[in-house]
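Structure record follows, encoded as structure tokens.
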Amino acid sequence: MKVLGLETSCDETGIAIYDTDKGLLTHKIYTQIAQHAEYGGVVPELASRDHVRKTLPLIDEVLAEAKLNKADLDAVAYTSGPGLVGALMAGATIGRSMAYSLGIPALGVHHMEGHLLAPMLEEKQPKMPFIALLVSGGHTQLVRVDSIGQYKLLGQSLDDAAGEAFDKAAKMIGLPYPGGPYIAKLAQTGNPDAGIKFPRPMTDRPGLDFSFSGLKTAFLTAVHDALDRDAFNDQFQADIALAFEQAIVDTLVIKCRRALEQEGLTQLIIAGGVSANKRLQSQLETQLAKIGAGVFYARPEFCTDNGAMIAYAGAQRLLAGQHSPLNLSIRARWPL
Ligand code: KG4
Ligand code: ZN
């Protein structure tokens, strides 16, 4: 069965076709980042307009690349939440209208379920049950995954998401949006012995929840301190980027290890935009190898928002005999 996947929850229009026999046939991502950059964050109205403009032409491109016609599709999966309402409406309306006109099922997919299943598109795949760390611009969650649709929330951020912390810190030192990759790049030339110290929030007490807003405040204080000392130069920016990235990575590593030990599991998947972070990937691999656990993640373009993960998640739902009614509402907020 061939499933068309549409992702339009934020600032990326992602379109893909997943074949339940042959795997991923093709995918395309159009990113609006340049349009939002001058505003320092995503402008919802601009995002919706652009999804309306780009989705149908991209569907045509993806069909042509896969050498398929619309009539070859067996279902259309679209992101039905969580995300920006207008942006979600664009994908949902196009997806459902296509399904309606073709007489095939439409499937509303949870954006975070898409992220969570993205590592299943790779050759090195985990077997359920496993622990998933979902780290994006809007979420930081630890979830126990027993099977498709059986997700138990073990812990989550009580305030900012890890990606949000990266983005806000980046903004404070004048880096473009989204800041995570820019902080990571700067950190490569940072000196670990520069003496900038950040907390590892909530790691000194039991539990699997996170809090990143204090880290953001500590970052701002360190920036002000450097400005006061007239020490805010290129090397300082690299050093603070490294110290900040390392604080987030350490915090995530500690909680992932704790979740695996608590649940008695040996496989961790990381998903969502922040899972593209190389320092996070390699330090999880090293630290978790010590307890005999393995780490799984998607290729970089499938860590951030994409249509392939929505096509894949929709295909799994279809195989399980599910589909969504045509009057299904989109949801801006939606627990997994
Ligand atoms: O999953 P995603 O594309 O969109 C949401 O659903 O939020 O995640 C975007 C987030 C942004 O906060 C971005 O700064 C962060 O992922 N991100 C990274 C990296 N690449 C993307 N954070 C740290 N290191 C990276 N390499
Ligand atoms: Zn996302």
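Scan the range 68-125 for residues that are of a type outside the set (Val, Ile, Thr) and assigned to a helix (DSSP H, G or I) and report the count.
Taking the range 68-125 as the starting set, the residues that turn out to be of a type outside the set (Val, Ile, Thr) are 68-75, 77-78, 80-84, 86-92, 95-103, 105-108, 110-125.
With assigned to a helix (DSSP H, G or I) added as a condition, the list becomes 70-72, 86-92, 95-102, 111-121.
Matching residues across the range 68-125 total 29.
Out of all the residues in the range 139-160, which are in contact (Cβ under 8 Å) with a residue 60 or more places away in the chain and within 13 Å of ligand 1 (Cβ to nearest atom)?
Those that are in contact (Cβ under 8 Å) with a residue 60 or more places away in the chain and within 13 Å of ligand 1 (Cβ to nearest atom): His139, Thr140, Gln141.
Which condition from (1) more than 24 Å from Ala289 (Cα to Cα); (2) open to solvent by 10 Å² or more (accessible area, probe 1.4 Å); (3) outside any loop (DSSP other than H, G, I, E, B) is the one that Ala238 breaks?
(2)
Can you tell me which condition Asp60 does not meet? The list is (1) more than 16 Å from ligand 2 (Cβ to nearest atom); (2) part of a helix (DSSP H, G or I); (3) open to solvent by less than 10 Å² (accessible area, probe 1.4 Å), and all the others hold.
Failing condition for Asp60: (3).
Being within 12 Å of ligand 2 (Cβ to nearest atom), open to solvent by 40 Å² or more (accessible area, probe 1.4 Å) and among the hydrophobic types (A, V, I, L, M, F, W, C) is true for just one of Leu134, Leu102, Leu84. Which residue is that?
Working: Leu134 fails: open to solvent by 40 Å² or more (accessible area, probe 1.4 Å); Leu102 fails: within 12 Å of ligand 2 (Cβ to nearest atom).
Leu84 is the lone residue from the list that is within 12 Å of ligand 2 (Cβ to nearest atom), open to solvent by 40 Å² or more (accessible area, probe 1.4 Å) and among the hydrophobic types (A, V, I, L, M, F, W, C).
Given Ala289, Ala243, Ala276, Ala311, which one is open to solvent by less than 10 Å² (accessible area, probe 1.4 Å) and modelled with pLDDT of 95 or more? Break it down stepwise before answering.
Numbers: Ala289 fails: open to solvent by less than 10 Å² (accessible area, probe 1.4 Å); Ala243 fails: open to solvent by less than 10 Å² (accessible area, probe 1.4 Å); Ala276 fails: open to solvent by less than 10 Å² (accessible area, probe 1.4 Å).
The unique qualifying residue is Ala311.
Mind telling me which of the residues Ile15, Ile29 ends up being of a type in the set (A, V, I, L, M), modelled with pLDDT of 95 or more, open to solvent by 10 Å² or more (accessible area, probe 1.4 Å) and under 19 Å from the mean Cα position of the chain (by Cα)? Show your work before the answer.
Details: Ile15 fails: open to solvent by 10 Å² or more (accessible area, probe 1.4 Å).
Checking each option against the conditions leaves just Ile29.
A quick yes/no check of all residues on (1) at positive phi; (2) basic (Lys, Arg); (3) in contact with a helix residue (DSSP H, G or I) (Cβ under 9 Å, 6 or more places away or on another chain):
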| site | (1), (2), (3) |
| --- | --- |
| Ile59 | no, no, yes |
| Leu63 | no, no, yes |
| Asn69 | no, no, yes |
| Thr79 | no, no, yes |
| Gly83 | yes, no, yes |
| Leu88 | no, no, yes |
| Tyr100 | no, no, no |
| His110 | no, no, yes |
| Leu116 | no, no, yes |
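Can you tell me how many residues in the range 249-281 are within 16 Å of ligand 1 (Cβ to nearest atom) and in a helix (DSSP H, G or I)?
Residues flagged as within 16 Å of ligand 1 (Cβ to nearest atom) and in a helix (DSSP H, G or I) within the range 249-281 amount to 14.
The values are calculated or read from the model by the stated rules, or taken from the named source; none is laboratory data. Please read all numbers here as calculations on a predicted model, not as lab measurements. Virtual Cβ from ideal backbone geometry, glycine too; neighbours counted across all protein chains shown. Just so you know, the surface numbers come from the protein's heavy atoms only, side chains and all, with ligands and any DNA or RNA stripped out. Shrake-Rupley method; radii C 1.70, N 1.55, O 1.52, S 1.80 Å.
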